[in-house]
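Data block below; observations after.
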């Protein structure tokens, strides 16, 4: 690591948990700072991109706070916004989404960031991933590093994970340790992606009246309140869709498929598309009791070109991975001329690119509602409603 330390005035937050600064005209991406601060920062990377960590704060942000977790600061493993109050973190996320919309999407859209509970932002993750070092201690790698840091606690983890005694157990050296606490099932550990012997490999999740089987090693929202928050946010964006034909793209194990089926009712249709074979199989099983649901297997761009899906949809909901839907999928969506598109996004930059494609094709974003499902980190979940511009 470089020993170069510079005094920098920090400017605006940018995507990825950094604050932009300038050094002799060069852009430097600085972690563990806040907009407006005067700091001393150690350079951690030189090259096309320069990166740095704050090592001393000369003029602090008015909402800078003491970090509650020793492994959250420079050289640490995460919780990169824990040095700011929760309101300041949400302002940071608001500014990052706005910046991505303006500079990537060339868009001016109002953004609101919502808290999802009244907690202190710790203890929300029902899924965490760790790695064992050569001594079998559970921990994580430092940011952009191969340095393993053994942990004694993980404050972001939901309290139900405490019973697994992750940090008091000696694990096989080098093992990948995934700990999950499903909402309707017992907490469990997977080693190197494998469930314990005799375990069926799936867990049970419940969201309101809806029940789901999900692969233990598969994707499910990490915040314990995220599924119900997303159900409510998507419902609010869609409004009354009784009797409509709706596509649920990147459907996963059916998190949104089941409530969509409820909202369209028995006279409507929901076409759920998922490209992961196990998630698709789970979605089929989870929705088998709903006659109005058709589950389609395959890549979303391929399914949109096929004759399996109707030529028209009244509404389309999509929840793509971090890379976004990309232009081909967005064009395939818009060809259906839906009355409403609801886009669920976990990446502001990818969202901005996809919204720009939609705007060019004649749609306009009506609103962007952000939900702070990842407190103390830079991540933000956004729900966007798009409608035809004419």
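The numbers here are math on the coordinates, done by the rules we state, and not lab data. Remember, it's a predicted structure, so these values are computed and weren't measured experimentally. Cβ atoms come from the backbone with ideal geometry, glycine included; neighbour counts cover every protein chain shown.
List of remarks:
- Looking at the chain alone, DSSP beta bridges between its own residues are antiparallel in about 65 percent of cases.
- Centroid-to-centroid, using Cα positions, the stretch 265-295 and the stretch 211-260 are 11 Å apart.
- Pairwise centroid distance, computed over Cα atoms, of the stretch 308-326 with the stretch 35-104, Å: 34
- Mean separation of Cα contacts under 8 Å, 6 or more apart, over the residue count of the stretch 1-62: relative contact order %: 32
- Computed from Cα atoms, the angle from the helix 86-103 axis to the main principal axis of the chain rounds to 70 degrees.
- Reciprocal of mean inverse Cα separation for the chain (Kirkwood radius, Å): 22.4
- Between 0 and 90 degrees, the angle of helix 348-360 with respect to the longest Cα principal axis of the chain falls at about 40 degrees.
- For the stretch 251-377, the extents of the C-alpha atoms along the principal axes are 38, 37, 26 Å, listed from largest to smallest.
- Relative contact order [Cα under 8 Å, 6+ residues apart], the chain, whole percent: 13
- Relative contact order [Cα under 8 Å, 6+ residues apart], the stretch 262-309, whole percent: 43
- For the stretch 354-390 and the stretch 127-182, distance of Cα centres in Å: 34
- Footprinting exposure proxy for 124, 297, 224 (fewest neighbouring C-beta atoms within 10 Å first): 297, 224, 124
- Cβ crowding within 10 Å, taken as a proxy for footprinting-reagent exposure, orders 70, 11 from fewest neighbours to most as 70, 11.
- Between 0 and 90°, nearest 10: helix 277-286 axis offset from the chain longest Cα axis: 60
- A helix-only calculation puts the chain at -6000 deg cm²/dmol for mean residue ellipticity at 222 nm, using -39500 (n - 2.57) for each DSSP H run of at least four residues, averaged over all residues.
- The stretch 1-62: radius of gyration and largest Cα-Cα distance (Dmax), Å: 10.3, 33
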